[in-house]
Structures are given as C-alpha cells and as structure tokens.
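The values are calculated or read from the model by the stated rules, or taken from the named source; none is laboratory data. Predicted model only: the values in this text are computed from it and were never measured. When we count neighbours, we look across all protein chains shown, and the Cβ atoms used for this are built from the backbone with ideal geometry, even at glycine.
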Amino acid sequence: MITALDGLVVHDRSGSIAGQFCGKLLCDFGAEVWLETGSDHSDIAAGGTGDRSTALDLHLNLGKRLGSPPGPPDVVICGPADDADELRRNQPAVLVVCISGFGATGPKAGWLAPEIVLQAASGMMISNGTRGKEPLYGTGNRASYAAGQAAYIQIMASLRVRAQTGQGDCIRIDAAETAAAMCFPYALQAIYNGTDRRRGDQDIPAGQVLCRGSWVCLWIYSNRFPALCRSLALDHCLTDPRFAEAHERQNHWPAFFALVQEKVDQHDPDAFVEDLQGMSIIAARAYRISELRASRHLAARGYWRPVTIGQETFVLPGPPFRMAVTPAREPKDKAHAAT
C-alpha cells in the first residue's frame, strides 16, 4: 500500500503528549518514527508517557520503533533537554521541532505547562462552568493534542519548502498560544466592542435535557422554534409572552428547557435526536466515554482499528482524517516488541 510519507524518518525524543501525538500522525501516514524512551527525554509535567503498558502509550506510540534511527533523520521532535538551535546547526537539512508550554522568551518562558495550566492561561477554564463558581477544568488533554497537530501541519508545510531549497527549519510550537488561538471568542468580543461575556449567560438558544439518563444537547434557531413546540405538544409556548418573541425567549431559555425536560424524560435519546435532526434542529446525544465504542455511526464508518499485541486484541481510535489515495496504514506492534 502506498502511504503519503514513505521514506520519511522521524526521531521522536519529545516524551510529551503533544510531541508523541505529532509523531503518531506522521507514523500513521507512513513515516518511520523512532521513539526515544530514556529518562532524559521524558517531560512528565507536559503529560509525558513513560509507562510502556498504558492505553495512552498504545494510542500515541503503536507502530513506532524503539531507540534512535541508524542514520540522519528528516525530522527531530525535541525533548525538554534538547537544544533545538544546536541540533539545527549540526544537521542543516533536518526539520527540528520544539514543542514547549510557553516558548523560550517572555515572562513565562520555562514555566511548567501541564494541561490544567494551559487551559487556565488560555482563558479556556474561565469560560467553563457555572456563573459565580470557580473556573472549570475541561477533561482530556485538548491543548496538548492541538499543539501536536499544529506541529504536524507545520512539518508538512516545511517539507514542501525543503524539497525546493534543500534546507531544514526550526519549528517552534508553544502550546499556550495554540490553546489561546482555539479558545472561545470572548476576548475578541471584549477587544472590539466591549462585550463582557460571562459564564452561564443564557443569550444563545442552546440547552440540554435528560432522556432516560442520557443528555441530549439542542440548539434552537428562531425559525425552528415552532416545529419543536408542535412536535412536543408545547403549542402554548408559541403564544406564551415569555417565549413567543425571540428577544423574550433569550431571557427565558431555562424556563423553556424545563418544559421540554418534562416532555422528553422517557424518550429514547437516539430516537429523539433523529426526530430533531429530521426537523433541521441542531441536536446531538452527549455520549459517555464508555458509550463511544457502541456508536453506530463510528462503527459504520469503520473508525475503530483492532490490533493484536501478543495474545491480546485491543481496539484503538482511528486517524483524525482520511485520504483516498494514500490512506493511513494499519497499526502494527513495532514499538512494543524488541527491535
């Protein structure tokens, strides 16, 4: 099978989720990725994965070879102790990738940057949670994965330049800046027109209801409001002064969603979402992590990838994007066997 990155050799020295996710994307699409696992290349503060038997390690590093490449690599993903500039001087044709928390300059240069720090510093946490209460930490390592994908994208661009010039590059990705770039637009609103957006403001037509214990999220534009009311036998809401006009609904969304909740408490969540989608109402079931494996949509798309390691078979997430001519290769157990 032809892969997009055949012949590309990568040395993943990062020891972090961001760096190893970048290496995973390169590996999935055909690069030969060598994973450095020594203690000098582990950054636990940045989510480093040092345990070779965890599910996270399987997700990030399956298919990578252990150790150092036998010859000069095309890409080096630096570890926390590496000097990116020195690597660049010694290997001018190599793409040297440095993913850090706050970069090498500025007041926060050198700060430790676990996920909670990145979410707090980017404004992400202050936008989550209930008004009047403490900021809410979002689960997962979203800032780290975003930084890893940003590094992957820049590597692809720099490879095009290298093909023309023969010269490598020093690519620097600062996770705090990546996190700030993907945050809610509240900061921009404040800069441009002084809008002071607060957590919990109910001026958007969105809400959640429980259907047999599962949350369903809805976003109801004004032109779809009558259809929803009629489908749930809430016709009286069309003349209720709290809901009849869009500008009034804006101030009474909690009251309206309370009425919806009474109607859908025993609805099947998937059937309810299907009905809403059929009325062109934006809706989705909020799946628990334990429910994703049973998703009919992901199964029909062939998203999950089974891989056998020794006597055990694991099911892993698929690649985040698809290419028709050079698809992602099937995962193989290289990193977890002697090489």
Of residues in segment 310-321 being more than 17 Å from residue 23 (Cα to Cα) and surrounded by fewer than 14 Cβ atoms within 10 Å (Cβ to Cβ), the one modelled with the lowest pLDDT: 310
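Where residues in segment 183-197 are assigned to a loop (DSSP other than H, G, I, E, B) and out of contact with any helix residue (DSSP H, G or I) (no Cβ under 9 Å at 6 or more places or on another chain), which of them is modelled with the highest pLDDT?
First pass over segment 183-197, keeping only residues assigned to a loop (DSSP other than H, G, I, E, B): 183-185, 194-197.
Within this subset, residues satisfying the condition of being out of contact with any helix residue (DSSP H, G or I) (no Cβ under 9 Å at 6 or more places or on another chain) are 185, 194.
Working: 185: 72, 194: 81.
Here the answer is 194.
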Residue check, residue 51 at pLDDT below 95 and loosely packed, with under 13 Cβ neighbours inside 10 Å: yes
Helices (runs of 4 or more DSSP H) contained in segment 83-182 and holding at least 3 residues among the polar types (S, T, N, Q) and out of contact with any Asp or Glu (no Cβ under 8 Å at 6 or more places or on another chain): 142-165
Any hit, segment 95-105, residues being without any contact (Cβ under 8 Å) to a residue 12 or more places away in the chain and over 23 Å from residue 319 (Cβ atoms): yes
Residue check for residue 83: modelled with pLDDT under 90 and either of a type in the set (D, E, K, R) or under 19 Å from residue 150 (Cβ atoms) (or both): no
Boolean, residue 57 is outside any loop (DSSP other than H, G, I, E, B), more than 20 Å from residue 139 (Cβ to Cβ) and either at pLDDT below 55 or of a type in the set (Asp, Glu) (or both): no
Odd one out for residue 284 among (1) loosely packed, with under 12 Cβ neighbours inside 10 Å; (2) of a type in the set (Gly, Ala, Ser); (3) under 17 Å from residue 214 (Cα atoms): (1)
